[in-house]
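Asks: To start, I am sharing the structure in question, which I have written as structure tokens.
The values are calculated or read from the model by the stated rules, or taken from the named source; none is laboratory data. Please read these numbers as outputs of a predicted model, since none were measured by experiment. Here the Cβ is made from the backbone with ideal geometry for all residues, glycine too, and neighbour counts use every protein chain on show. All accessible areas refer to the heavy atoms of the entire protein, side chains included, with ligands and DNA or RNA removed. Shrake-Rupley method; radii C 1.70, N 1.55, O 1.52, S 1.80 Å.
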Amino acid sequence: MGNGSSFEQAKTVFLEINGKEEKIIFSRHSSSRDIHELIAQAAGVNKHSVISLRDKNGAHVSVSPTMPSNSASNPYKVVTRDPPATSADNDAFQAVLTHVAEQLNRVFKMEETKSHLNHRINMLEKRIEIEGLKAVEIEKCKSEISYIRDQLWNAQKNTPISDETKISLKRDVPNYPKYTLSQETVDYLKQPTFDIWHWEPNEMLSLLEHMYHELGLVEEFNINPIVLKRWLLCVQENYRNNPFHNFRHCFCVSQMMYGMIHLCKLWEQMSTEDLGILLTAAVCHDLDHPGYNNTYQINARTELAIRYNDISPLENHHCAVAFQILSNPDTNIFANVDKDTFKRVRAGITMLILATDMARHAEIMESFKDKLAAGFDNKNKDHLDTLKMVLIKCCDISNEVRPMEVSEPWVDCLLEEYFNQSDREKIEGLPVAPFMDRDKVTKPTAQIGFIKFVLIPMFETVAKVFTQIDEVMVQPLKNAKDRYEEMKSIEEAQKEAKKALSLAH
């Protein structure tokens, strides 16, 4: 990792607690929970208290090992909150339990229909969300609600996913807290320059949740807010801990899609349903990525390659996992749409995830250019579908659009994943791509050709429909190309100097 060296030693962070200066020291091995408990101890509050940090400008600072260092003259202000349970909370909790008891009685005594039970659970969970019950109280209620869901799951005979392959959630809401986002963060989230490295996993979940609410997708698909949280948790759990293709990459691509929706005012070109398909496909596009690309899958004759007949094995797998998650009523954000809508949503998400296979890059770009040459028509479904495929492709490989300090660590992550694969291919006697071979590739050589021949032409083509992309995205790509070419020249000069020195001796 490019910025891993900054954590080799202990980090000191300065705090202001009720007007008093304090400091904490933690190592690079500390977890977010460890740091949270350190701050709680310094503040003299319960370790379960809600703690937030603000910098001198009032911006929220992540309580995590990656929090920026500060100085004694620039401490982070600590705000704690540990509200006592109120009688109103207890009354609301008792009311929830009463409703749950009623549901259980009806399951056995009245044998209500599956759709009616689903409606009851939705109403119950929405009440929990609206009344803002504390996590501990919802936890008590969760087992009763889960029992009703089990009855529904057992009653669901027509699901295409069997119980053996059903993807279940390892933890349930509200195990990640709801963050109050500042207006500064809300506005920043819409920018392609957004720094995705400063957010811990729970914060990324809250930011994704905000996107669905802000774009009107919760209303459009009548999504139960609790189910949205649970779905995001399940998605997060089904991204592996790869150097590159991990949940942070998922968030990165989704945030860029959200940024492009706002930058290009895509709601003027397409429906809210289409926006939901774009964002959901971005969230799901690399689910359960194993860290080894399609070429490896095919050459190694893996189970995925055999299952999908060597045709986009990974992308087909990402789709399958996405819809396994959506087949579970607990995590189906599209549970409340009609059959025709779900059919369109499923077809759209599948089309977009399959479009992220770079083996199809030339085919998709040629199709898009043909439609531009004929006159792009956003009323034409075929034209709009091709545009959506190009948009998700742009977002998937958009890192170099971002500022250098955000984009460059991603190159280190990608090369680490490439080197892991090429090392394995050498051991297994499989072909090794030169751009993945640690003995042949460098950071600038890895990026220059990709930016020059793939990224810039693609974004320039999209800029013919959305001219604002030229300044905000194409120009940063050209700057990145120039930077890597300069880096390559320096490396070559150093190599020549070293060679000359060795000859002199």
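Asks: Could you please let me know if LEU15 is open to solvent by less than 50 Å² (accessible area, probe 1.4 Å), more than 21 Å from ASN202 (Cα to Cα) and of a type outside the set (Val, Ile, Thr)? Please lay out each step first, then the result.
Replies: Values: open to solvent by less than 50 Å² (accessible area, probe 1.4 Å): yes; more than 21 Å from ASN202 (Cα to Cα): yes; of a type outside the set (Val, Ile, Thr): yes.
Taking the combined requirement at face value, the residue satisfies it.
Asks: Hey, does the stretch 285-297 have a residue that's surrounded by fewer than 16 Cβ atoms within 10 Å (Cβ to Cβ), within 30 Å of MET436 (Cβ to Cβ) and of a type in the set (Asp, Glu)?
Replies: no
Asks: Does the stretch 233-254 hold any residues that are touching a residue at least 40 places away in the same chain (Cβ under 8 Å), under 15 Å from VAL321 (Cβ atoms) and part of a helix (DSSP H, G or I), and which are they?
Replies: Of everything in the stretch 233-254, those that are touching a residue at least 40 places away in the same chain (Cβ under 8 Å), under 15 Å from VAL321 (Cβ atoms) and part of a helix (DSSP H, G or I) turn out to be LEU233, CYS234, VAL235, GLU237, PHE247.
Asks: A further question follows. Does any residue in the stretch 481-505 that is under 28 Å from LYS452 (Cα atoms) come within less than 8 Å, Cβ to Cβ, of a residue that is part of a helix (DSSP H, G or I) and open to solvent by 80 Å² or more (accessible area, probe 1.4 Å) six or more places away or on a different chain, and which pairs are these?
Replies: From residues that are under 28 Å from LYS452 (Cα atoms), the pairs are LYS481/LYS452; ARG483/MET404.
Asks: Out of (1) outside any helix (DSSP H, G or I); (2) surrounded by 16 or more Cβ atoms within 10 Å (Cβ to Cβ); (3) at pLDDT below 95, the odd one out for VAL432 is which?
Replies: Result: VAL432 passes all but (3).
Asks: Please work out which one of (1) open to solvent by 20 Å² or more (accessible area, probe 1.4 Å); (2) under 28 Å from PHE221 (Cα atoms); (3) at pLDDT 95 or above is the condition ASN378 fails and give its number.
Replies: Answer for ASN378: the failing condition is (3).
Asks: Taking the condition in a helix (DSSP H, G or I) and surrounded by fewer than 21 Cβ atoms within 10 Å (Cβ to Cβ), does THR280 pass? Walk me through it before giving the result.
Replies: On the way: in a helix (DSSP H, G or I): yes; surrounded by fewer than 21 Cβ atoms within 10 Å (Cβ to Cβ): no.
For THR280, the condition - in a helix (DSSP H, G or I) and surrounded by fewer than 21 Cβ atoms within 10 Å (Cβ to Cβ) - is not met.
Asks: Kindly indicate whether ILE261 is out of contact with any Lys or Arg (no Cβ under 6 Å at 6 or more places or on another chain), open to solvent by less than 10 Å² (accessible area, probe 1.4 Å) and without any contact (Cβ under 8 Å) to a residue 60 or more places away in the chain. First the steps, then the outcome.
Replies: Values: out of contact with any Lys or Arg (no Cβ under 6 Å at 6 or more places or on another chain): yes; open to solvent by less than 10 Å² (accessible area, probe 1.4 Å): yes; without any contact (Cβ under 8 Å) to a residue 60 or more places away in the chain: yes.
Against the criterion (out of contact with any Lys or Arg (no Cβ under 6 Å at 6 or more places or on another chain), open to solvent by less than 10 Å² (accessible area, probe 1.4 Å) and without any contact (Cβ under 8 Å) to a residue 60 or more places away in the chain), ILE261 qualifies.
Asks: Now for a separate question. Hey, any hits in the stretch 404-412 for a residue that's open to solvent by 50 Å² or more (accessible area, probe 1.4 Å) and hydrophobic (A, V, I, L, M, F, W, C)?
Replies: Taking the stretch 404-412 and keeping what is open to solvent by 50 Å² or more (accessible area, probe 1.4 Å), we get 404-405.
Still in the running and hydrophobic (A, V, I, L, M, F, W, C): 404.
Looking through the stretch 404-412, at least one residue is open to solvent by 50 Å² or more (accessible area, probe 1.4 Å) and hydrophobic (A, V, I, L, M, F, W, C).
Asks: Here is a list of conditions, (1) in contact (Cβ under 8 Å) with a residue 60 or more places away in the chain; (2) closer than 21 Å to HIS383 by Cα, and ALA355 meets all of them except one; can you say which number that is?
Replies: (1)
Asks: Out of the stretch 201-222, which residues are touching a helix residue (DSSP H, G or I) at 6+ places or on another chain (Cβ under 7 Å) and crowded, with 19+ Cβ neighbours inside 10 Å?
Replies: Matches in the stretch 201-222: MET204, LEU205, LEU208, GLU209, MET211, TYR212, LEU215, LEU217, PHE221.
Asks: So which residues in the stretch 298-317 are open to solvent by 20 Å² or more (accessible area, probe 1.4 Å) and more than 30 Å from LEU384 (Cα to Cα), if there are any at all?
Replies: ILE298, ASN299, ALA300, ARG301, THR302, GLU303, LEU304, ILE306, ARG307
Asks: Turning to a different aspect of this structure: Would it be correct to say that LYS440 is out of contact with any Lys or Arg (no Cβ under 6 Å at 6 or more places or on another chain), at negative phi, at pLDDT below 95 and part of a loop (DSSP other than H, G, I, E, B)?
Replies: On the way: out of contact with any Lys or Arg (no Cβ under 6 Å at 6 or more places or on another chain): yes; at negative phi: yes; at pLDDT below 95: yes; part of a loop (DSSP other than H, G, I, E, B): yes.
Yes.
Asks: Applying the selection to the stretch 70-93, what residues are at pLDDT below 85 and out of contact with any strand residue (DSSP E or B) (no Cβ under 6 Å at 6 or more places or on another chain)? Walk me through it before giving the result.
Replies: Residues of the stretch 70-93 that are at pLDDT below 85, as a first pass: 80-93.
ASP82, PRO83, PRO84, ALA85, THR86, SER87, ALA88, ASP89, ASN90, ASP91, ALA92, PHE93, listed by residue number.
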